[in-house]
Structure formats: C-alpha cells, structure tokens
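Have a look at the structure below, then the notes.
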Amino acid sequence: AVIAESQPPGVPSVVVEYFHSGVRHYFNTIAQREIDQLESGAFAGWSRSIGSFIAYASAQDAPAGAVPVCRFWSARYTAHFYTADPTECQTVIDRWPDAWTLEARAAFYLFEPDKSTGACAAGLMPVYRLYSTRNGPNHRYVTDQRLRDVMVAAGWIAEGYGTDNVMLCTPR
C-alpha cells in the first residue's frame, strides 16, 4: 500500500515492487496484467516487496509536467531498468542494444527532479534508483532515504541527480 499525504492530481496508480529471493533481484510494474501474473504465482520465486510508489499509467492520467518513463529489459541479466531522462533512454538504446531491449518508451509517467540539484517540485518526493552488480546488474527504486542509505552502505550505488542522487519524483 502507498499512503499519500493528499489526493494526487490526475488519475494515480501504484507501481508495485516485487523481489525474487533466488536471484535477489527487484522488479517494479504498474501493468495490471503483470501484477495479476506475479500475484498468482505465474512467475515462480517472485513475491511482493515493501517498495511501491505512485505514478500514472498513461499521459491522459498524468497531470501537467509528468514525463514518460522508458522501460528496458535485459535477457542477459534477467533485469529491468527504468529512466525518465530521454537522453539516458536514447543512450541505452544506442550503446547497449545487445544487452538492453527497450520494452516501452512510456511504461508509466512521473516527474523529473531538477537535474542540477536533485530537488523535486512542491508536492513531490524523491524516488531513488539504486544499482548493484551482485548477481548480475539489478536496479531498485525506493522512496525512503533511510532505506537508500542502508542499501548504499551494503554496496549498492545511488544513481541520480544532485547530492542526494534523486532519479524521479512521485506525488507525496
């Protein structure tokens, strides 16, 4: 469950986090079909985890200022990766076509932080992207700064903008 401080604008949805204990990977999805499959056990080893955040399933659902978030899949690493930065999205397409496949240019919609400071606009809070090379590349997206700090202390790399390494912004 995600608890917001107030009703977010637009038509919000929840990006749900799952964890696979065997490969120790995290996966996030807003797609109801994937959520239903994961919840029914169609993909063995995955269970719902604690990390979730608010996003928008489509441009029509999103308020002004929200941007599309690219979603990549790697069969080589059995991992997914998200970015709202159009330059980063295109760089991944151009530099690693044999490692990362673009699944969607708009997997969901969120807000970008200020790229120089990492600050989120009023009414928004940070989503931190963490990266680990243990058990193959893996990313995790969290909104809790303390959890981010614990993961960094355990060897994960914080990726993002500003001194706090903020990657995305989600409604509070």
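The values are calculated or read from the model by the stated rules, or taken from the named source; none is laboratory data. Bear in mind that the values here come from a model prediction, so they are computed numbers and not experimental data. Positions of Cβ are generated from backbone atoms using ideal geometry, with glycine treated the same way; all protein chains shown enter the neighbour counts. What goes into the accessible areas is simple: the full protein's heavy atoms, side chains included, and nothing from ligands, DNA or RNA. Shrake-Rupley method; radii C 1.70, N 1.55, O 1.52, S 1.80 Å.
Expected output is a single nm value to one decimal: the length gained when fully extending between Arg134 and Arg33, i.e. 0.36 nm times separation in residues minus the C-alpha distance. What is it?
Values: separation 101, 0.36 × 101 = 36.36 nm, distance 2.88 nm.
Computed gain between Arg134 and Arg33 is 33.5 nm.
Given a Förster distance of 35 Å, report the FRET efficiency between Phe43 and Thr91 from their Cβ-Cβ distance, rounded to the nearest 0.05.
0.75
Please report, as a whole percent, how much of the solvent-accessible surface of segment 35-172 comes from carbon and sulfur atoms (probe radius 1.4 Å).
53
Treating only the Cβ of Lys, Arg, Asp and Glu as charged (+1, +1, -1, -1), what charge dipole size does the chain show about its Cα centre? Round to the nearest 20 debye. Spell out each step's value before the answer.
Numbers: 14 positive and 17 negative charges, 71 e Å.
That gives a dipole near 340 debye.
Using a 1.4 Å probe, what is the accessible area per residue for the chain, in Å²?
That works out to 50 Å² for each residue.
Give me the one-decimal nm value for the distance between modelled label points at Arg172 and Ala75, 7 Å along each residue's Cα-to-Cβ direction.
Modelled inter-label distance: 4.5 nm.
Packing-wise, with mean Cβ within 10 Å as the measure, how do 70-80, 154-164 rank, highest first?
Top to bottom by mean Cβ count within 10 Å: 70-80, 154-164.
Given Cβ point charges of +1 (Lys, Arg) and -1 (Asp, Glu) and nothing else, what value in debye, to the nearest 20, does the dipole of segment 1-51 about its Cα centre take?
Values: 3 positive and 5 negative charges, 29 e Å.
Its charge dipole is roughly 140 debye.
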